[in-house]
Amino acid sequence: MTMAFWITIACGVLSLVYGFWAYGQVMAAPAGNDRMRAIAAAVQEGYYALAIIGVLTSVISVYFYLRIVVLMYMSDEVAVDPAPVVPRGAVAGLAIATLAIFYLGVVPTRVINLAVQSVQGLF
C-alpha cells in the first residue's frame, strides 16, 4: 500500500480523536453567554418572535463583522482613492477636542474642583 493511503488513514483517525475530544469539551462547557441564555429563555416562555429577532440581529452583526475581515485580509483589490481633503476648521476642532481629552485624562482635579466651586455658589 502506498504512503498516501496510510496518511489518509492517519488523518481520519486523528479527526475522529479530535471530534470525540471536542465533543467532550463542548458538553462540559457552560450553557453559553448572556445573549444565548436570553434567547433560550424566550423560546421556553413561548416568545418565538423575540427569539427569532434576537437570532436575526446576531446573524446580521456577524455578517457585518466578517465582511470587514474579508475585505481586510481576503480581498485583492487595492484602493487607490486620493486622500480626502479635510477642512481646516475640522482639523482645528479635532485638535482642540484631543487636547481637552488628554488634559481631562491627566489633570482632572482642576476641572472637578472648578465644577464643585460653581455648584457651591448656587446653594
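Just a few scattered comments:
- Residue among LEU122, LEU99 that alone is over 36 Å from the mean Cα position of the chain (by Cα) and either in a helix (DSSP H, G or I) or not aromatic (Phe, Trp, Tyr) (or both): LEU122
- Contacts under 9 angstrom Cβ, first residue in the range 26-53 being free of Cβ contacts under 8 Å to residues at least 60 places away in the same chain, partner outside any helix (DSSP H, G or I) and surrounded by 11 or more Cβ atoms within 10 Å (Cβ to Cβ), 6 or more apart: ILE39/GLY32; ALA40/GLY32; ALA41/TYR47
- A count restricted to the range 1-23 and to residues that are modelled with pLDDT under 85 and not hydroxyl-bearing (Ser, Thr, Tyr) stands at 4.
- With respect to (1) surrounded by 10 or more Cβ atoms within 10 Å (Cβ to Cβ); (2) assigned to a helix (DSSP H, G or I); (3) within 28 Å of the chain's Cα centre (by Cα), the lone exception for VAL26 is condition (1).
- The condition (being surrounded by 10 or more Cβ atoms within 10 Å (Cβ to Cβ) and not polar (S, T, N, Q)) is satisfied by just one residue among VAL119, VAL62: VAL62.
The values are calculated or read from the model by the stated rules, or taken from the named source; none is laboratory data. Just so we're clear, the structure is a prediction, and the values are computed from it rather than from any experiment. Positions of Cβ are generated from backbone atoms using ideal geometry, with glycine treated the same way; all protein chains shown enter the neighbour counts.
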